[in-house]
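Okay, so here's the structure we're looking at.
The values are calculated or read from the model by the stated rules, or taken from the named source; none is laboratory data. None of the values given here were measured: they were computed from a predicted structure. With ideal geometry, Cβ positions are generated from the backbone for all residues, glycine too; neighbour counts draw on all protein chains shown.
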Amino acid sequence: MCFMANRHKILIAEDDSVLQDLYLRKFNKDAFEVRTASNGQEALDSIAKDVPDMLLLDINMPVMDGFEVLEKLPKDKRAFPVIVLTNFDDQANRERGKALQVDDYFVKKDMTIKTLVEMVERLLKK
């Protein structure tokens, strides 16, 4: 059995280079195939080239924010779950994310990287 063939593809759209590197190292260590994007347009371009199994999507990014990306990727047209990454745990952002049908919500300042990995693993098992 070839383990490498079973690696899940994750796209991480995050403009903070320190966080992007942290996520990249954690998910690569756990045997995921990881690509990154630094803004929403890069994320959409990457998805158009190779559809991921999971999208980790920061809300506040330059060029195009995470909500704009989600508006271009409605749930009925995407074949992968989306976890929103944000520093803001306010009701307005949660409601907008829910309206755009995100699969989970990761609040960077309140949650650990271990929690994010658990979210990803849970959603990929569905």
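Looking only at segment 88-114, count every residue that is within 23 Å of Phe27 (Cα to Cα), touching a strand residue (DSSP E or B) at 6+ places or on another chain (Cβ under 7 Å) and assigned to a loop (DSSP other than H, G, I, E, B) and tell me the total.
3
I need the full set of residues from segment 54-74 which are in a loop (DSSP other than H, G, I, E, B), out of contact with any helix residue (DSSP H, G or I) (no Cβ under 6 Å at 6 or more places or on another chain) and closer than 19 Å to Leu24 by Cα, in order please.
Hit for segment 54-74 is Asn60, nothing else.
Any residue in segment 75-85 that is of a type in the set (Lys, Arg), farther than 16 Å from Leu124 by Cα, in a helix (DSSP H, G or I) and within 15 Å of the chain's Cα centre (by Cα)?
First, pick out the residues of segment 75-85 that are of a type in the set (Lys, Arg): 75, 77-78.
Those still in the list that are farther than 16 Å from Leu124 by Cα too: 77.
From the residues that got through so far, the ones that are in a helix (DSSP H, G or I) too are 77.
If we keep only those that are within 15 Å of the chain's Cα centre (by Cα) as well, we get none.
Scanning segment 75-85, I find no residue that is of a type in the set (Lys, Arg), farther than 16 Å from Leu124 by Cα, in a helix (DSSP H, G or I) and within 15 Å of the chain's Cα centre (by Cα), so the answer is no.
For segment 45-66, what are the residues that are at pLDDT 95 or above, over 11 Å from the mean Cα position of the chain (by Cα) and crowded, with 19+ Cβ neighbours inside 10 Å?
If the condition is that a residue be at pLDDT 95 or above, over 11 Å from the mean Cα position of the chain (by Cα) and crowded, with 19+ Cβ neighbours inside 10 Å, then Ile47 is the only one that fits.
Residue check, Leu22 against (1) under 19 Å from Asp103 (Cβ atoms); (2) among the hydrophobic types (A, V, I, L, M, F, W, C); (3) surrounded by fewer than 16 Cβ atoms within 10 Å (Cβ to Cβ), all met but one. Which one?
Just one mismatch for Leu22, condition (1).
If Glu121 passes every condition in (1) touching a strand residue (DSSP E or B) at 6+ places or on another chain (Cβ under 8 Å); (2) over 18 Å from Glu14 (Cβ atoms) but one, which one does it miss?
Single failed check for Glu121: (1).
Would you be able to tell me the number of residues in segment 92-106 that are of a type in the set (A, V, I, L, M) and buried (at least 16 other Cβ atoms within 10 Å of the Cβ)?
As a first pass, look at segment 92-106 and keep what is of a type in the set (A, V, I, L, M): 92, 99-100, 102.
Okay, now just the ones that are also buried (at least 16 other Cβ atoms within 10 Å of the Cβ), so 100, 102.
The total comes to 2.
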